[in-house]
Amino acid sequence: GAWFPGKWAVVGSAWGAASWATASSYCGSEGSGTYYDYEDNVTYQDGNVLYEGEPVATTQEYYEQAETIADAGVQTEDDEWLPLGVFAIISEDDQSKTDKIIQLALNRKGVVRGNYQDMISEKVTPVTGSVDSATERVALKLEGNDSLVMETGFYNLTNDEVPALIHFNAESQQAITLIRLKNPDENNKGNSQEE
């Protein structure tokens with residue numbers, strides 16, 4: 001069920017991980033990267049969203065911004081993709097297990113593509129989205145679900161543990177964590193060489 005794009009920008013597969021230096025230069029971002037932590041430096045208070053304690057938008061505006069960022073990635077003609085990796089989705093409510101996985105890749109125009117897999121139903125759903133170059137927010141939508149938007153920081157996706165936020169709508173959000181997974185085939189190769 002893995003997603004294979006037209007061509008990879010680097011040797012590897014969907015399991016590849018990009019460093020911030022590689023990912024940012026690949027699509028023209030500059031600077032040291034903005035880190036978004038949705039229970040620390042991004043908070044909701046009295047109908048507003050604050051970043052580092054400063055108001056940046058109302059909750060309605062912040063949700064609409066995430067929708068706009070995700071919708072900007074619907075169309076693309078660039079088929080050269082940089083893998084960002086495969087991540088387990090961990091709920092803040094139950095961090096002991098996961099049955100959801102997301103795989104993501106980026107093109108030079110900042111468009112994000114990938115797959116979301118529910119391991120219980122074994123259903124794979126395409127993911128589309130983009131990187132907003134001004135804020136470095138990444139927003140994603142699942143095919144067939146227009147109201148739910150997942151967001152994280154572009155810099156976050158170059159780390160092994162990624163704070164993210166699910167917007168169910170403008171009024172309802174849930175913080176989650178993405179944990180980078182390693183290619184199970186690589187683990188099996190290492191085990192067979194040791195025997």
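At a 10 angstrom cut-off on C-beta neighbours, averaged per residue, how do the peptides 145-158, 57-70, 102-115, 120-133 rank from highest to lowest?
Answer by packing, highest mean first, reads 102-115, 145-158, 57-70, 120-133.
Compute the accessible area per residue over the chain, keeping the other protein chains in place, probe 1.4 Å, unit Å². Write out the running numbers ahead of the final one.
Details: 10250 Å² over 195 residues.
Value for the chain: 53 Å² per residue.
As a check on your grasp of the helix formula, calculate [θ] at 222 nm for the chain: sum -39500 (n - 2.57) over DSSP H runs of n ≥ 4, divide by the residue count, round to the nearest 500.
On the way: 3 runs with 31 residues, N = 195.
It comes out at -4500 deg cm²/dmol, rounded to the nearest 500.
Could you sort the peptides 40-52, 78-90 by per-residue average Cβ neighbour count (10 Å cutoff), highest mean leading?
78-90, 40-52
Carbon and sulfur atoms: what percent of the 1.4 Å accessible area of the chain do they account for? Don't jump to the answer; show the numbers that get you there.
Values: 4650 of 10250 Å².
C and S atoms contribute 45 percent here.
The values are calculated or read from the model by the stated rules, or taken from the named source; none is laboratory data. Quick caveat: nothing in here was measured; it's all calculated off a predicted structure. Backbone-built Cβ (ideal geometry, glycine too); neighbour counts: all protein chains shown. SASA here: full protein model, heavy atoms, side chains in, ligands and nucleic acids out. Shrake-Rupley method; radii C 1.70, N 1.55, O 1.52, S 1.80 Å.
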